Amino acid sequence: MSSPKTNFIGINISGTQARAALVDVEGTLIRTKVGEVTAKELVPQLAAMVEELRRDQGSVGAIGVAIPGLVNRQTDRVIAPRDLPSTMLGDLHGDLTRATGLRVELENDANGAAYGEFKVGAGRGARNLFYMTIGNGIGGAIILDGKLWTGASGFAGEVGHITIDTDGLECVCGNTGCLETVASAPSIVRRARERLNRDNTSSLSRLALNKSFTADDVAHQANEGDDFALMMIERTGKYIGTGVASVINLLNIERIVLGGGVMDAGSLILNPIIHEVKRRAFQPCFEATEIVAAKLGLDGAPIGAALLARDAATD
Ligand SMILES: [Zn+2]
């Protein structure tokens, strides 16, 4: 059991970066720390971040680590994707436990962010929630009756891999036409490029001037009033809304929280999403659902991982 003064640490690992958050028992953010990590030195680097956050901050009850993969709950092993560093696919749980002397919980990053939003962000007050993150990939997580619902083997919520276009492009998962193939940040760039290549009128877009534009540039130009960029963002919203409508019909869920880098486009993307959901979802389901943008940004996953570790430790 943890005393009321016990704090918790959550860490989100994304590529070569780790973002750590120290929170109190209520989930209030005390401090964050961002650091570079390498595949080889992952465990000592994470342990050093934990040590630094712990310094002068009272006792720490447990650590939650959010990783960009799927975790087998029986074995505490990261089982997918296989291209993660070997330090992550090995016994990260055991190694970090030994290196820090603290209880460690591993969690999928979308689950972590969902839990953070649910407890202290845009999901606060809801009992049931679906979280979706739209960035380099598309992930999702389900919270039912206040608890993360991870499914029969821990993989529930993979909304990025529901089929949107039966004749679409091949996805990293092996399926074709997944939501992720049309609405992730890289797919926005790909679609914009294709369109600029074949359509002369859209070459007037400011995007055409910059050959190596990113999804952020598309959102930025849309905000600046560039018609072509705006159309690309709206089209993306339409795809996301199509996916969200399926989620709503399936779960009749109270709240949908949308996060990830693509949502940085703000109302430019949120409005077309809601418009499309309204058009496609079963009306009573649509009316019972609030569709909102996430609030915690990059802190969502580390805060949520910390709170999942807190709740696992006090269960
Ligand atoms: Zn897929």
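All of the numbers you see were taken from the coordinates with simple rules; none came from a lab. Predicted model only: the values in this text are computed from it and were never measured. Here the Cβ is made from the backbone with ideal geometry for all residues, glycine too, and neighbour counts use every protein chain on show.
By per-residue mean of other Cβ atoms within 10 Å, what is the highest-first order of 108-120, 14-26? All intermediate terms of the calculation are to be shown ahead of the outcome.
Details: 108-120: 28.6, 14-26: 18.2.
So the peptides 108-120, 14-26, ranked by packing, come out 108-120, 14-26.
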Ratio of the Cα radius of gyration of the stretch 52-99 to 2.2 N^0.38 Å, where N counts its residues: 1.34
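What translational D, rounded to a whole number of µm²/s, comes out for the chain from Stokes-Einstein when the hydrodynamic radius is the Kirkwood one over Cα pairs, at 20 °C and 1.002 mPa s? Walk me through the intermediate numbers first.
On the way: Rh = 20.2 Å.
Estimated diffusion coefficient is 106 µm²/s.
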Trypsin sites (Lys or Arg not before Pro) within the stretch 174-244: DSSP coil, no more than 13 neighbouring Cβ in 10 Å: LYS211
Amide N of the stretch 267-300 lying under 17 Å from the label point, which is placed 7 angstrom from the Cα of ASN249 along Cα→Cβ: 274-289
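Using 0.36 nm per residue of separation minus the Cα-Cα distance, give me the extension gain between ASP76 and ASP167 in nm, one decimal. The partial results should precede the final answer.
Details: separation 91, 0.36 × 91 = 32.76 nm, distance 3.70 nm.
So the extension gain works out to 29.1 nm.
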Residue-count net charge about PRO68 - beta-carbon cut-off 12 Å; Lys, Arg +1, Asp, Glu -1: -3
Separation of alpha-carbon centers, the stretch 46-90 and the stretch 247-275, rounded to whole Å: 29
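What is the ratio of the Cα radius of gyration of the stretch 1-53 to 2.2 N^0.38 Å, with N the residue count, to two decimals?
Working: Rg = 12.0 Å, N = 53, 2.2 N^0.38 = 9.9 Å.
For the stretch 1-53, the normalised Cα radius of gyration is 1.21.
So for GLU158, GLU36, fewest C-beta neighbours within 10 Å to most, what's the order?
Details: GLU158 19, GLU36 10.
Ascending number of Cβ neighbours within 10 Å: GLU36, GLU158.
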Spin-label zone in the stretch 109-141 - amide nitrogen under 14 Å from a point set 7 Å from the Cα of THR214 along the C-beta vector: 135-137
Contact order relative to length of the stretch 1-135, as percent, for alpha carbon pairs under 8 angstrom and 6 or more apart: 22
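Where the only charges are on Cβ atoms (+1 Lys, Arg; -1 Asp, Glu), what is the dipole of the chain about its Cα centre, to the nearest 20 debye? Please list the in-between numbers first.
Values: 31 positive and 37 negative charges, 24 e Å.
Rounded to the nearest 20 debye, it is 120 debye.
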Computed E for ARG124/ARG193 - FRET, C-beta separation, R0 30 angstrom, nearest 0.05: 0.15
The stretch 247-294 pair-distance distribution - Cα-Cα, 10 Å bins, rounded %: 27, 55, 19, 0
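How high is the relative contact order of the chain, in percent, with contacts defined as C-alpha pairs under 8 Å that are six or more residues apart?
On the way: 682 pairs, mean separation 71.8, N = 315.
Dividing the mean separation by the residue count of the chain yields 23 percent.
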Shape parameters for the stretch 190-252, alpha-carbon atoms, Rg then Dmax in Å: 13.9, 44
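Jot down the per residue volume, in cubic angstrom and as a whole number, of the convex hull over the alpha-carbon atoms of the stretch 106-205. Walk me through the intermediate numbers first.
On the way: hull volume 13.3 nm³, N = 100.
It is 133 Å³ per residue.
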Residues ARG279, ARG54, sorted so that the one with the fewest Cβ neighbours within 10 Å comes first: ARG279, ARG54
Residues ILE303, ILE138, ILE256, sorted so that the one with the fewest Cβ neighbours within 10 Å comes first: ILE256, ILE138, ILE303
Rule-of-thumb Rg ratio for the stretch 135-187 [Cα; 2.2 N^0.38 Å; N residues]: 1.25
Theoretical gain in end-to-end length, TRP149 to ASP227 [0.36 nm per residue, Cα-Cα removed]: 24.0 nm
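Based on DSSP, what percent of beta bridges with both residues in the chain are antiparallel, to the nearest 5?
Details: 28 of 48 bridges.
Bridges in the chain that DSSP calls antiparallel: roughly 60 percent.
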Descending semi-axes in Å of the stretch 51-151, equivalent ellipsoid built from Cα gyration tensor: 24, 20, 12
